[in-house]
Amino acid sequence: MTASLSGHMSALTRRRLFWPVTILIVLLLANLLFTPDFFKIEIRGGHLYGSLIDIVRFGAPLIMVALGMTLVIATRGIDLSVGSIVAICGALACLWISGQDDQNSVAGVLTAVGLALGLALVLGLWNGFLVAGVGMQPIIATLILMVAGRGLAQLITDGQIITINSTPYKLIGGGYWLTVPFSILLALGAVALAVALTRRTALGMLIESVGGNAEASRLAGIGSRRIIVMVYVFCAFCAGIAGLMISSNVSSADGNNAGLWIELDAILAVVIGGTSLAGGRFSIGGTVVGALLIQALSTTIYTVGVPPETTLLFKALVVTVVCLIQSPAFRAKVFQRRRRPSARAAAREKTKVEVAP
Amino acid sequence: MAEPAAILAMTGITKEFPGVKALSDVDFRLFPGEVHALMGENGAGKSTLIKALTGVYDIDGGEILLEGEAVRFTGPLQAQQAGVSTVYQEINLCPNLSVAENIFIGREPRRLGAIQWKKIHRRATELLRRLRLDIDASALLGTYSIAVQQMVAIARAIDISAKVLIFDEPTSSLDAKECEQLFRVMRQLKDEGIAILFVTHFLDQVYEVTDRVTVLRNGRLVGERLTAELAQIDLVAMMIGKELEVLEQLDEQPKSSPAALQDASPVVAASELGRDGAVAPFNLAIHRGEVVGLAGLLGSGRTEVARLLFGADRADHGQIRVDGTTVAVRNPRTAMAHGIAFCSENRRTEGLVEDLTVRENIILALQAERGWSRPIPRRRQEELVDKYIKALRITPANPDMVVRNLSGGNQQKVLLARWLITEPRLLILDEPTRGIDVGAKAEIQRLVVSLADGGMAVLFISAELEEVLRLSHKIAVLRDRHLVTEMPNDGVDVEHVMRIIASGAAV
């Protein structure tokens, strides 16, 4: 009975998403201690309200960026330029809108969105070209745009913070649709699209194949260049949407600080979600959980009241613990340390018995 | 006569993996000063036994005695410190470091924290001289051949004071001369009292160098014999049980192409095809239903010929004609579009994606042909994969198993299946039977014969001349990156081909 129970438990803990989900739940429960109505979700003024909703809403840009990052990492690449793309797209959209006579014109906002996302696609193509066409190492190739992109964003905003006042644009990151925050719907849609694109077609398998063994994939006839370009374009597109969300939420574009360090959070979310930096197998579901976990952690830091000067340290600590708990090697070590000595003692006992006669 | 005490005694070793008993109740012993062959088919448990010994795996039952003391190593490092070292088929040294550095890496002699480079070089040179290896200890390891690198690995192992040396298929990528060199070193080490466990698939080598043989089959011990008292046929019988007749049947295959085949235009013909630094321009025609064997030593350009035909490397000269029409083969994709398939000799680095499942690996090339947007329907995938798992007898017959966990022979079959489902017109097999056991080897050879009977053109590359001669209708001989001659396989014997290779001219 107990044996079968522990058998079930071990089957459960071997599941890829077990640990991230568990830690996410623990984190949320911890909030309950400090905020008794943490889990309360209500409809106020026709809008969904509640701490959980906020976590998803504020986490939406990170989910978007991490989503694209997942596919890039699955090809054994990395994209450091997403933070800059966030800034560039936000800046371009806000610049366009601020130049309109009527900032509330839907057509103007749609043009701004179209321009920004179009630019994101071009930037993604650039990354893909450097990695797949030129054969540059992904970390270097995207570092170029990471650095140059910040400059580009500042060029667009002319070094200023562009502030706008546009109701239609506000919808993207700060609005509601059918009581649900619009950014959540956008993120959900993007996740659904990514899942459909990778798992309903053969794209997911081909990505995993290219990331798992690039040379073998080439010799199996896979056009790996095209696939690599596709994932960088998709990643930049996702980052572009995140840039729109972020600038829309604050109704302004800050070339310097928008999306700063988001690439690191995104990489972290991907890794927590169980996708290996060495490429190959990826899990979109895992990435979403990872992004939510990081956002929940930020929220927790505020609700628990960690002093602001120690928040980064606190975050680092939790992330370290999460990664350690997730590592099978680490768990095995901790587990063995408790078991090994007895096994060794038993072995010693046995030798003694045999040597005795 | 009383036997000397065994230096290593493994008794009742049992190891289970989820769903499969890899070893059950296996005994194995090793005496000082002997070379002991460990033999068996793929999946017989040879690797598992070695990994159980060196602590890569925790065993579920049994006992390991090293010099009479019970041991349970936590990993290869600890095993090595206790005197049990392994030399692998794939060299695990650093090609970008010098020979001497590789020998002493991780245990450099130091004085006051500083590495004593002079001492390292002196000791390395002494060690290499002791093994009668004429190489420069300060040169980069990567500049030497695999065979020499292997010797360096051995030098490293014996310097760490090995009592037991495990050779895990060291000869599968060596040519005859290099093997001879390795055997000389093995005999020397044996005379020094070191116990050597030798895993190989080559029967000749067993008889050439070993004193004792232990055979495993399906994770069980079949028996331990003195090599001198064991007839070859009995050894094969121990390894593959009742499948022996398969090998005998194969010998009766017709050898020369039916005349009719030669008249039709070839499926694939290369004219003056070549690549600078890889292989000199050559002509080669392969007809429908014909098996063309490529013979030659390692480095003679065998693989390069295959890679040019498949577009894995781009040709500098000449052209390829498919059904008489000149086609541009720029990359593997275009080669595949013309019905050419290629199983690389390096199945793990250039063939399989080890983290993907058997099913995914099998459908990979077909899916690549269709493009990402037209996935093969799941049910069709399962039908195809099931069919080939059965036809090629891939074990375990689990399409969702990760390929990394399969034995070498089964991995090879997965790779074969990948190309067979694309229904190629020319199948290029580069060393398809390397590093796999007699049983799987016979199955693959039989498959080649039946594919050709079904009309497929096959280019068969193997380091084993006998195998090439047994299967091919036509033989092309390579030497020093030149295609020397091409001849029908009627009454050609091994010696004849060897003379051509040796002299570099048709005789």
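Answer yes or no: is there a residue in segment A:234-248 that is within 14 Å of chain B (Cβ to nearest Cβ), out of contact with any Asp or Glu (no Cβ under 8 Å at 6 or more places or on another chain) and within 22 Å of B:Gly371 (Cβ to Cβ). Before you say what the answer is, go through the steps one by one.
Restricting attention to segment A:234-248, the residues satisfying the condition of being within 14 Å of chain B (Cβ to nearest Cβ) are A:234.
Subsequent filtering for residues that are out of contact with any Asp or Glu (no Cβ under 8 Å at 6 or more places or on another chain) retains A:234.
Applying the additional criterion that residues be within 22 Å of B:Gly371 (Cβ to Cβ) yields A:234.
Within segment A:234-248, one or more residues are within 14 Å of chain B (Cβ to nearest Cβ), out of contact with any Asp or Glu (no Cβ under 8 Å at 6 or more places or on another chain) and within 22 Å of B:Gly371 (Cβ to Cβ).
Could you say which residue among A:Pro357, A:Pro308 is modelled with pLDDT under 85 and within 14 Å of another protein chain (Cβ to nearest Cβ)?
The match here is A:Pro357.
Name the strands (runs of 3 or more DSSP E) wholly within segment B:271-351 that hold at least 2 residues that are in contact with a helix residue (DSSP H, G or I) (Cβ under 6 Å, 6 or more places away or on another chain)? Spell out how you get there, then give the answer.
Values: elements: B:279-286, B:291-295, B:317-322, B:325-327, B:340-343.
Output list reads B:291-295, B:340-343.
Just the residues that are at the interface with chain A (Cβ under 9 Å from one of its Cβ atoms), at pLDDT 95 or above and out of contact with any Pro (no Cβ under 9 Å at 6 or more places or on another chain), please, taken from segment B:338-350.
Correct list: empty.
Could you tell me which residue of segment A:123-145 is surrounded by the most Cβ atoms within 10 Å (Cβ to Cβ), considering only residues that are of a type in the set (Val, Ile, Thr) and in contact (Cβ under 8 Å) with a residue 40 or more places away in the chain?
Initially, segment A:123-145 is screened for residues of a type in the set (Val, Ile, Thr), giving A:131, A:134, A:139-140, A:142, A:144.
From what is left, the residues that are in contact (Cβ under 8 Å) with a residue 40 or more places away in the chain are A:131, A:139, A:142, A:144.
Details: A:Val131: 26, A:Ile139: 13, A:Thr142: 29, A:Ile144: 16.
Filtering first and then ranking leaves A:Thr142.
Among residues belonging to segment A:202-213 that are facing chain B (nearest Cβ under 7 Å) and assigned to a helix (DSSP H, G or I), point out the one that is surrounded by the most Cβ atoms within 10 Å (Cβ to Cβ).
At the first step, the residues of segment A:202-213 found to be facing chain B (nearest Cβ under 7 Å) are A:202-203, A:205-206, A:208-209, A:212-213.
This time we only want the ones that are assigned to a helix (DSSP H, G or I), so: A:203, A:205-206, A:208-209, A:212.
Working: A:Leu203: 22, A:Met205: 24, A:Leu206: 27, A:Glu208: 23, A:Ser209: 30, A:Gly212: 26.
The selected residue is A:Ser209.
If you check B:Val448 against the conditions, is it under 30 Å from A:Arg226 (Cα atoms), among the hydrophobic types (A, V, I, L, M, F, W, C) and modelled with pLDDT under 95?
Details: under 30 Å from A:Arg226 (Cα atoms): no; among the hydrophobic types (A, V, I, L, M, F, W, C): yes; modelled with pLDDT under 95: yes.
No, not satisfied.
So which helices (runs of 4 or more DSSP H) are wholly in segment A:79-175 and hold at least 3 residues that are acidic (Asp, Glu)? Outline the logic, then answer.
On the way: elements: A:82-98, A:106-128, A:138-157, A:167-174.
Passing ranges: none, list empty.
Can you find a residue that is within 14 Å of chain A (Cβ to nearest Cβ) and basic (Lys, Arg) anywhere in segment B:353-366?
Initial filter on segment B:353-366 (within 14 Å of chain A (Cβ to nearest Cβ)): B:353-366.
Those still in the list that are basic (Lys, Arg) too: B:359.
Yes: segment B:353-366 contains one or more residues that are within 14 Å of chain A (Cβ to nearest Cβ) and basic (Lys, Arg).
Taking segment B:385-406, which residues are within 14 Å of chain A (Cβ to nearest Cβ), modelled with pLDDT under 95 and in a helix (DSSP H, G or I)?
B:Val403, B:Arg404
Which of the residues spanning segment B:367-384 are basic (Lys, Arg), within 11 Å of chain A (Cβ to nearest Cβ) and not in a loop (DSSP other than H, G, I, E, B)?
We begin by selecting, within segment B:367-384, every residue basic (Lys, Arg); these are B:370, B:374, B:378-380.
Next cut, within 11 Å of chain A (Cβ to nearest Cβ) only: B:370, B:374, B:378.
Scanning segment B:367-384 gives B:Arg370, B:Arg378.
Among the residues of segment B:300-332, write down those that are out of contact with any Asp or Glu (no Cβ under 8 Å at 6 or more places or on another chain) and either within 20 Å of B:Met498 (Cβ to Cβ) or within 14 Å of chain A (Cβ to nearest Cβ) (or both). Outline the logic, then answer.
Going residue by residue through segment B:300-332, those that are out of contact with any Asp or Glu (no Cβ under 8 Å at 6 or more places or on another chain) are B:305, B:308-312, B:314-315, B:320-332.
Of everything in segment B:300-332, those that are out of contact with any Asp or Glu (no Cβ under 8 Å at 6 or more places or on another chain) and either within 20 Å of B:Met498 (Cβ to Cβ) or within 14 Å of chain A (Cβ to nearest Cβ) (or both) turn out to be B:Val305, B:Leu308, B:Leu309, B:Phe310, B:Gly311, B:Ala312, B:Arg314, B:Val329, B:Arg330, B:Asn331, B:Pro332.
Any idea which of A:Gly133, A:Gly204 is small (Gly, Ala, Ser) and closer than 21 Å to A:Leu67 by Cα? Quick ask: steps written out before the conclusion?
Numbers: A:Gly133 fails: closer than 21 Å to A:Leu67 by Cα.
The match here is A:Gly204.
Quick check, is B:Asp27 more than 14 Å from every other protein chain (Cβ to nearest Cβ) and surrounded by fewer than 18 Cβ atoms within 10 Å (Cβ to Cβ)?
On the way: more than 14 Å from every other protein chain (Cβ to nearest Cβ): yes; surrounded by fewer than 18 Cβ atoms within 10 Å (Cβ to Cβ): yes.
Yes: the conditions hold for B:Asp27.
Can you tell me which residues in segment B:110-159 are in contact with a strand residue (DSSP E or B) (Cβ under 7 Å, 6 or more places away or on another chain) and surrounded by fewer than 15 Cβ atoms within 10 Å (Cβ to Cβ)?
B:Ser138, B:Ala139
Can you confirm whether A:Thr198 is in contact with a Gly (Cβ under 6 Å, 6 or more places away or on another chain), in a helix (DSSP H, G or I) and within 12 Å of another protein chain (Cβ to nearest Cβ)? Spell out the reasoning first.
Numbers: in contact with a Gly (Cβ under 6 Å, 6 or more places away or on another chain): yes; in a helix (DSSP H, G or I): yes; within 12 Å of another protein chain (Cβ to nearest Cβ): yes.
Yes, satisfied.
The rows are residues; the columns are (1) touching a Leu at 6+ places or on another chain (Cβ under 9 Å); (2) polar (S, T, N, Q).
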residue: A:Gln154; (1), (2): no, yes
residue: A:Ile162; (1), (2): yes, no
residue: A:Pro168; (1), (2): yes, no
residue: A:Gly174; (1), (2): no, no
residue: A:Arg199; (1), (2): no, no
residue: A:Gly204; (1), (2): yes, no
residue: A:Arg225; (1), (2): no, no
residue: A:Phe234; (1), (2): yes, no
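Looking at B:Val185, B:Val199, which is the one that is touching a residue at least 40 places away in the same chain (Cβ under 8 Å) and within 22 Å of B:Glu345 (Cβ to Cβ)?
Values: B:Val185 fails: within 22 Å of B:Glu345 (Cβ to Cβ).
Result: B:Val199 is the single residue among B:Val185, B:Val199 that is touching a residue at least 40 places away in the same chain (Cβ under 8 Å) and within 22 Å of B:Glu345 (Cβ to Cβ).
If we keep just the residues of segment B:460-507 that are crowded, with 19+ Cβ neighbours inside 10 Å and polar (S, T, N, Q), which is nearest to the chain's Cα centre (by Cα)?
So, considering only residues that are crowded, with 19+ Cβ neighbours inside 10 Å and polar (S, T, N, Q), the one nearest to the chain's Cα centre (by Cα) is B:Ser462.
List the strands (runs of 3 or more DSSP E) that sit entirely inside segment B:1-100 and contain at least 2 residues that are within 24 Å of B:Pro396 (Cβ to Cβ) and assigned by TED's automatic domain parsing to the domain that holds B:Val152. Even if it seems obvious, please write down each step before you answer.
Numbers: elements: B:8-17, B:20-30, B:35-39, B:61-66, B:84-87.
Hits in segment B:1-100: B:8-17, B:20-30, B:35-39, B:61-66.
Looking only at segment B:377-404, which residues are without any contact (Cβ under 8 Å) to a residue 24 or more places away in the chain and either crowded, with 19+ Cβ neighbours inside 10 Å or polar (S, T, N, Q) (or both)?
Listed by number, the list holds a single entry, B:Gln381.
The values are calculated or read from the model by the stated rules, or taken from the named source; none is laboratory data. All values derive from a computational prediction rather than experimental measurement. For neighbour counting, all protein chains shown are included, and Cβ atoms are generated from backbone atoms with ideal geometry for every residue, glycine included.
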